[in-house]
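Structure first, then comments.
Just so you know, all these numbers are worked out from the coordinates, no wet-lab data involved. Everything numeric in this text was worked out from a predicted model, so none of it was measured. FYI the Cβ positions are ideal-geometry reconstructions off the backbone, even for glycines, and counts take in every protein chain you see.
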Amino acid sequence: MRCAFVAILALLCACGDSVIGPNTDVGLSVWTEVSPPILSIRDTTTVLHIRLIVVNTTDHEIRVVSGGPPYVFTNDPLPHSGLWGSLRIASENNPLNAGPAVDWWGHSVYVFPAHDIQWDELAETLNEWKAHGWQPKVGNYVARGWFNGREGKNKPFYFVP
């Protein structure tokens, strides 16, 4: 238990400037992080990490009934779809499908003990983006993240020449 507490504390300190107050109707803090936030479209081998972070900043346990099974996988993350989380890439011309997407699922109730942090991550190179049919272009993008159909604070990132 002590190791888990130390690990959570270290992660919270590492993203301390990112921690936000609860921004969902269930009292959880949800946000998306991107690393690196600026990437050259010629750099096809650097891994772009997009992380969905969900934190219970309160002193009490939060339980969220997922709405699944069944789990509903759609292009537009829906409330009560049963999914733990979803990530989508937005651009100026496409609000949900400008890059790879991922959904995570698994339980009928998601439990967040007091001061708990949970996350999941999409990690891909631009070569992998291209292999899956997306052609990254120079410009502004936004990583959009949802916890169980509840959209959190999104994170912009940029592709440069």
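Give me the one-decimal nm value for the distance between modelled label points at residue 25 and residue 96, 7 Å along each residue's Cα-to-Cβ direction.
In this crude label model, residue 25 to residue 96 measures out at 1.8 nm.
Which entry in (i) 9.8; (ii) 12.5; (iii) 24.2 matches mean projected area of the Cα convex hull in nm² derived from the coordinates of this structure?
(i)
In deg cm²/dmol and to the nearest 500, what is the mean residue ellipticity at 222 nm of the chain if only DSSP H runs of at least 4 residues count, each as -39500 (n - 2.57), divided by the residue total?
-3500 deg cm²/dmol
Using only the alpha-carbon atoms, how far is helix 2-14 inclined from the longest principal axis of the chain? Give it as 0 to 90 degrees, nearest 10.
40 degrees
Loop-only trypsin sites (Lys or Arg not before Pro) in the stretch 64-156, please: DSSP not H, G, I, E or B, and at most 16 other Cβ atoms within 10 Å.
Values: sites: 88, 130, 137, 144, 150, 153; in loops: 137.
In loop regions of the stretch 64-156 (DSSP not H, G, I, E or B), the sparsely surrounded trypsin sites (Lys or Arg not before Pro) are 137.
Just subtract the alpha-carbon distance of residue 160 and residue 104 from 0.36 nm times their residue separation and send over the number in nm, one decimal.
Extra length available between residue 160 and residue 104 comes to 17.2 nm.
At 7 Å along the Cα-to-beta-carbon direction for both residue 121 and residue 65, put a label point, then send me their distance in nm to one decimal.
3.4 nm
Given 57, 132, 72, which one lies farthest toward the positive end of the charge dipole of the chain, if we put +1 on the Cβ of every Lys and Arg and -1 on the Cβ of every Asp and Glu?
My answer, from the dipole projection, is 132.
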